[in-house]
Structures are given as C-alpha cells and as structure tokens.
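**Student:** Shown below is the structure under consideration.
The values are calculated or read from the model by the stated rules, or taken from the named source; none is laboratory data. Everything quoted here is computed from the prediction, not taken from an experiment. Cβ sites come from the backbone with ideal geometry, for glycine too, and all protein chains shown count toward neighbours.
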Amino acid sequence: MAENLLKGKLGIITGALDENSIAWKTALKAHEQGARFVLTNAPIAMRMGAIKELAEECKTIVIPADATSLEDIEKLYTESKEYLGGNFDFLLHSIGMSPNIRKGRSYGDLNYDWVNKSYDVSAISFHKMMHVAERMDIMNEWGSIMGLSYIAAQRVYPFYTDMADAKALLESIARGYGYRFGKSKKVRVNTISQSPTKTTAGTGIGGFDAFFNFADKMSPLGNAPAEACADYIITMFSDLTRYVTMQNLFHDGGYSTTGISEELMEQFKDL
Ligand SMILES: NC(=O)c1ccc[n+]([C@@H]2O[C@H](COP(=O)([O-])OP(=O)(O)OC[C@H]3O[C@@H](n4cnc5c(N)ncnc54)[C@H](O)[C@@H]3O)[C@@H](O)[C@H]2O)c1
C-alpha cells in the first residue's frame, strides 16, 4: 500500500532495535510511503541490534546518538540535515528504558539514581530532542513530532513502577512543547498511547504476558499490534492530520474506554 503519504518528507526515526520494535515497523512504512529519513539509536543498542540491515532496506544511514545527550542530538541533526539535504518534517521518539524495571525493583523500593535515569531516557530526552530542534530551527512548518506512551500514565499498573511516572512526564512534555512549536512553527506534537506490544522494552516488564492477555480480552478490537501503531504514526506524520496537536492518542483497540468485556465477565462469574 504505497499511497505516497510522506512523499518528499524528511525526518529522524529513533528506537529501532530489532524487527519487533515499533520504530522498526514505522521505518519500513515511512520508506514505503516515500519519506527519507535517518535512523538513530543509542551507541550500545547499535552494537547489539540489527539496525544496519534496516538502514539498507530503507536506503539510508544510521547515526548513533544517546538521546539523553544534547551534544549527541545536535550532531545527529547536523549530520542528518547534511545527508538528507534539508530540514525535518517529522521526528519519532520511540525510546523507553527503566533500570528499576530491569532489576525488578518495586514502586516502594526504587533506586533514585535509576529513577532519574528512567525519566531522562524515557521522557526528558523527548524534551531535549525538541529543545535542540527549536534551537537549531531545524523543523519545517507543519511538521509533526511523535512520542510513544502507555496508559499507565493515567491509571495504576503496579508492575510499571517508575515508567508510569516517566510516561506521565512524556505526555506533559508533548503538551508543553506542542504549544511552543505550534506558535512558532505550526509544528504539532503528540503522543500515541499504545497497547501492550511484544518488543524488547515491552516484554521486559514483569508480568507482561498476563497484562498483554488481559488487555487483549478487554479490548473490543483486541490489542493493537506494532504494525498498526506504525500505520497510525504514518498518518500522524502525513498532511492529513495537520491540526491534531498536544494530544495523547489512544491506540489500544478500545481498551481505555471499556469497563469490562463479556470475556472477562465469563472468567469471573463463578468465583
Ligand atoms: N512494547 C510495549 O508494550 C509498549 C506499549 C506502549 C508504549 N511503548 C513505548 O514504545 C516505545 C518504543 O518501544 P518498543 O516497545 O518498540 O521497544 P524497543 O525495546 O524495541 O525500543 C526501545 C528503544 O529505546 C532505545 N533506547 C534506550 N535508551 C536509549 C538512549 N539513551 N538513547 C537512544 N535510544 C535509547 C533502545 O535502544 C530501543 O531501540 C517506548 O517509548 C515504549 O515505552 C511500548
């Protein structure tokens, strides 16, 4: 399905680690829709990941950058602009990591150095990416900037620990920068709140299978797969969504507005 929705558009895609990554699928679709972009990931992830194969498929290059480093982001933008030959129409922030989750720390037993790391990597890096973009004046008018969130920003999911707070911060940053960028460049900033998805970041969360299955049974349409999330991101990068900004957009098969499903009622009726 190549409708050329992104024909002539230039951008940056972060966070493609392997073929399960939401960013990986987004890159393939952005390429298919006529966009040109640079791929980037943290230097450590690049060594482990297969991102170079993706770059070949998308006929582009990879520029390593730690999204928590202003210098790395600046270098990424400068080199990408040179390679692409112009300013950007879209930026995808598809980055998340919590050392507390990795080490199995509960919400009442967080390591605060790691909390700072979780916030910096998963949320403040979004601010930093937009801050550098604004300072370098590197976004084209009517551009689109997207981050990825999860419903734990609004509701308690005990196993999601400090990532829940990081996602709340991420969504707030989307509103704050959405206002600034809307005023200055007509650039929109949004987050997509995605269903549980079987990726490295997703499955690293304690009890992932249980809440994946629960959400799937709760959602009238079932969990939204990564590929469908990529489709949504493409529409948000296209000119068809120019006036959507400062929103957290649920992409969850109806999960967030369902109280209970018949399947779940069936499961609990004889307890
Ligand atoms: N998988 C899910 O269930 C789910 C649900 C809702 C939202 N999300 C969000 O989607 C986004 C993408 O995650 P994913 O599920 O595709 O998993 P993923 O593990 O494939 O992607 C996460 C990426 O973040 C990158 N990253 C980590 N630290 C970084 C740093 N310092 N600088 C640059 N990049 C760094 C990793 O290398 C990796 O590529 C994340 O924000 C995640 O929280 C995921």
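**Student:** Of these, 119, 107, 177, 160, which one is aromatic (Phe, Trp, Tyr) and either near the ligand (Cβ under 10 Å from one of its atoms) or at positive phi (or both)?
**Tutor:** That would be 160, the only listed residue that is aromatic (Phe, Trp, Tyr) and either near the ligand (Cβ under 10 Å from one of its atoms) or at positive phi (or both).
**Student:** Quick check on my filter: what residues within region 180-196 are touching a residue at least 12 places away in the same chain (Cβ under 8 Å) and more than 14 Å from the ligand (Cβ to nearest atom)?
**Tutor:** 180, 181, 182, 184, 185, 186, 187, 188, 189
**Student:** Moving on to the next point. Return yes when residue 216 is over 23 Å from residue 6 (Cα atoms) and at pLDDT 95 or above and no when it is not. It would help to see each step written out before you state the result.
**Tutor:** Values: over 23 Å from residue 6 (Cα atoms): yes; at pLDDT 95 or above: yes.
Yes, satisfied.
**Student:** If residue 144 meets every condition in (1) in contact with a helix residue (DSSP H, G or I) (Cβ under 7 Å, 6 or more places away or on another chain); (2) part of a helix (DSSP H, G or I); (3) away from the ligand (no atom under 16 Å from the Cβ) apart from one, which number is that one?
**Tutor:** It is condition (2) that residue 144 fails.
**Student:** Another question about this same structure. For region 208-221, how many residues are away from the ligand (no atom under 12 Å from the Cβ) and more than 18 Å from residue 149 (Cα to Cα)?
**Tutor:** 7
**Student:** With more than 17 Å from the chain's Cα centre (by Cα) and of a type outside the set (A, V, I, L, M, F, W, C) as the only criterion, which of 155, 188, 175 stands out? Walk me through how you get there before you give the answer.
**Tutor:** Values: 188 fails: more than 17 Å from the chain's Cα centre (by Cα); 175 fails: more than 17 Å from the chain's Cα centre (by Cα).
Only one candidate passes the filter, namely 155.
**Student:** Follow-up. Could you run through region 18-73 and say how many residues are within 12 Å of the ligand (Cβ to nearest atom) and of a type in the set (Asp, Glu)?
**Tutor:** 4
**Student:** Which one of these is farther than 30 Å from residue 137 by Cβ, surrounded by 17 or more Cβ atoms within 10 Å (Cβ to Cβ) and within 15 Å of the ligand (Cβ to nearest atom): 203, 199?
**Tutor:** Sole residue among the options that is farther than 30 Å from residue 137 by Cβ, surrounded by 17 or more Cβ atoms within 10 Å (Cβ to Cβ) and within 15 Å of the ligand (Cβ to nearest atom): 199.
**Student:** Another question, if that's okay. Identify, by number, the condition in (1) at pLDDT 95 or above; (2) closer than 30 Å to residue 257 by Cβ; (3) hydrophobic (A, V, I, L, M, F, W, C) that residue 136 doesn't meet.
**Tutor:** (2)
**Student:** Looking only at residues in region 122-141 that are part of a strand (DSSP E or B) and surrounded by fewer than 23 Cβ atoms within 10 Å (Cβ to Cβ), which one is farthest from the ligand (Cβ to nearest atom)?
**Tutor:** Across region 122-141, the extreme among qualifying residues is 141.
**Student:** Identify, from the list 173, 205, the residue that is under 28 Å from residue 5 (Cα atoms) and touching a residue at least 40 places away in the same chain (Cβ under 8 Å).
**Tutor:** 173
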